[in-house]
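These notes concern the structure reproduced below.
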Amino acid sequence: MRSRSLAVLVPLGLALAGCGGSPAPRASDAGVETARDAVVDGALDAPSGDARDGDARYDDGPCQPGLPRCFGDFGYQICQQDGTWGSSQTCAGYSMNGTTSFCAEIPMATPDGGTWGTCVDPACWYWLGRGALSGATPVGVCEPDGTIDQCDSGGTLSVHACAGTCTQVATLDGRAIGYCAPACEDGARECLGGPFYRACANGRWGAPQTCAASACNPVATGAVPDTRCGGTCDRGTSRCSDDLGAVESCGADGAWTVDRTCLLGRCVPAGAQAECETACTPGAHQCAFDGAPTESLCDAHGAAWGAETPCATGTSCRVSGNVALGCVACVGAGNALGGADSRCDAQGLATCGADNQFAPSVPCAAPQACQSVTRGPSTIAACAAP
């Protein structure tokens, strides 16, 4: 089983080991309460790389020797023996896939509380922001072989078997961010349409099986969903049609009849019942990340996301809050900085409108000059005195 320790800053009293000229302490095992419902879309807010002026975390007052803190989103400092903060160290290169790691404040397992700064893998930073590190539901990165690179409470990834299915909820740095949970109850069986059914073992659905020369029918009784091959169906149960385009119900005569056609989505079996479900909202956009060069669209039936298509020149796939706008020139409201995009150009100040397009630039009145701040693809600008 492979694993890789990330550079993490430790509480006072633990030794510090060097790594490429930067301290590389290890994380505490203090738990963070799991948020199993942290299932979100693929839009990720990029953090800022600069320490914020006026933030109490970055004051230069006396500190406790050995105590670490974050300095910006990508660096950290350690309090020196003379009670002053040392120079900023970078978290770069500490993630499992070699990308820049983020610094996060982890609660200390001490009576007086407090936090310490720790370099965490980007995948663990994603889950840390949703309160989902450690706990009953493993979170981290889903691997193609069915395992999960699981985050521990200190932001370190290590490979674990997934007792169930690893479900992807987002994409970050080309990796599938997801969580591990049972997809079904052991011993359950369900019909897939026609003669096909499948059984659950170890929290996962097995390969489809076939009823010999007869149709599969769901069994309505029992606490665990079950099926039977052949015979009349149980009144009140439902199943999917062979093409998954409709829900069939078992009538009083014990025969299957089409109950409703799935105008949106497709039929999904669930034990003794079946429902029409959508995978996405028809016409909705999806971005791999804010500022991605491609977008994908939900099909007209809400059944699946389409293939990624490149954005036109001058546009990128942008996100406003948790909503993907698709390929646009800018964000008219709700960018990563909490407002509308604006930018400086040769003519002055340009602001993004409600149509997610930049309006014509307005010159700055002398002696003011256009100044801007950037976070990822989001930019805010204003005319101000030099």
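The values are calculated or read from the model by the stated rules, or taken from the named source; none is laboratory data. Here the structure is a predicted model, which is why all the values come from computation and not from measurement. Reconstructed Cβ throughout: ideal geometry from the backbone, glycine too, with neighbour counts over all protein chains shown. Ligands, DNA and RNA are stripped out before the accessible areas are found, and what is left, the full protein with its side chains, is counted by its heavy atoms. Shrake-Rupley method; radii C 1.70, N 1.55, O 1.52, S 1.80 Å.
Determine if the range 347-370 includes at least one residue that is open to solvent by 30 Å² or more (accessible area, probe 1.4 Å), among the hydroxyl-bearing types (Ser, Thr, Tyr) and farther than 26 Å from Thr171 by Cβ. There is at least one residue in the range 347-370 that is open to solvent by 30 Å² or more (accessible area, probe 1.4 Å), among the hydroxyl-bearing types (Ser, Thr, Tyr) and farther than 26 Å from Thr171 by Cβ. Given the structure, is Val328 touching a strand residue (DSSP E or B) at 6+ places or on another chain (Cβ under 8 Å), aliphatic (A, V, I, L, M), at pLDDT 95 or above and at negative phi? So Val328 passes the test. Within the range 134-165, the set of residues being farther than 23 Å from Ala104 by Cβ and hydrophobic (A, V, I, L, M, F, W, C) comprises Ala161, Cys162, Ala163. Once the range 104-123 is narrowed to residues that are charged (D, E, K, R) and over 13 Å from Val141 (Cβ atoms), the residue that is least open to solvent (accessible area, probe 1.4 Å) is Glu105. Scan the range 268-275 and tell me whether some residue there is within 21 Å of Gly187 (Cα to Cα), at pLDDT 90 or above and of a type in the set (Gly, Ala, Ser). The answer is yes, given that some residue of the range 268-275 is within 21 Å of Gly187 (Cα to Cα), at pLDDT 90 or above and of a type in the set (Gly, Ala, Ser). Selection of the range 78-102 for residues being closer than 17 Å to Asp173 by Cα and modelled with pLDDT of 75 or more yields Cys91, Ala92, Ser101, Phe102. Of all residues being of a type in the set (A, V, I, L, M, F, W, C) and touching a residue at least 40 places away in the same chain (Cβ under 8 Å) in the range 239-255, which is farthest from Ser214 (Cα to Cα)? Just the residue, please. Filtering first and then ranking leaves Leu244. Number of residues in the range 233-257 that are over 38 Å from the mean Cα position of the chain (by Cα) and open to solvent by 30 Å² or more (accessible area, probe 1.4 Å): the value is 8. The set of residues in the range 309-327 that are within 22 Å of the chain's Cα centre (by Cα) and crowded, with 18+ Cβ neighbours inside 10 Å comprises Ser316, Cys317, Arg318, Val319, Ser320, Ala324, Leu325, Gly326, Cys327. Of everything listed in (1) open to solvent by less than 30 Å² (accessible area, probe 1.4 Å); (2) closer than 24 Å to Phe289 by Cβ, the single unmet condition for Tyr179 is (1). Evaluating Ala136 against the criteria (1) under 25 Å from Ala279 (Cα atoms); (2) assigned to a loop (DSSP other than H, G, I, E, B) leaves one unmet condition, (1). Scanning the range 281-308 for residues that are open to solvent by 40 Å² or more (accessible area, probe 1.4 Å) and within 20 Å of Ser378 (Cβ to Cβ) returns His285, Gln286, Phe289, Pro293.
All conditions in (1) buried (at least 16 other Cβ atoms within 10 Å of the Cβ); (2) more than 27 Å from Asn322 (Cα to Cα) hold for Tyr126, with the sole exception of (2).
Among what's in the range 182-208 and is free of Cβ contacts under 8 Å to residues at least 24 places away in the same chain, closer than 18 Å to Ala223 by Cβ and part of a strand (DSSP E or B), pick the residue that is least open to solvent (accessible area, probe 1.4 Å). Applying the filter and picking the extreme gives Cys200.
Of all residues in the range 227-238, those that are in a strand (DSSP E or B) have Cβ atoms under 6 Å from Cβ atoms of residues that are small (Gly, Ala, Ser) and surrounded by fewer than 17 Cβ atoms within 10 Å (Cβ to Cβ), 6 or more apart or on another chain, in Cys229/Ser214.
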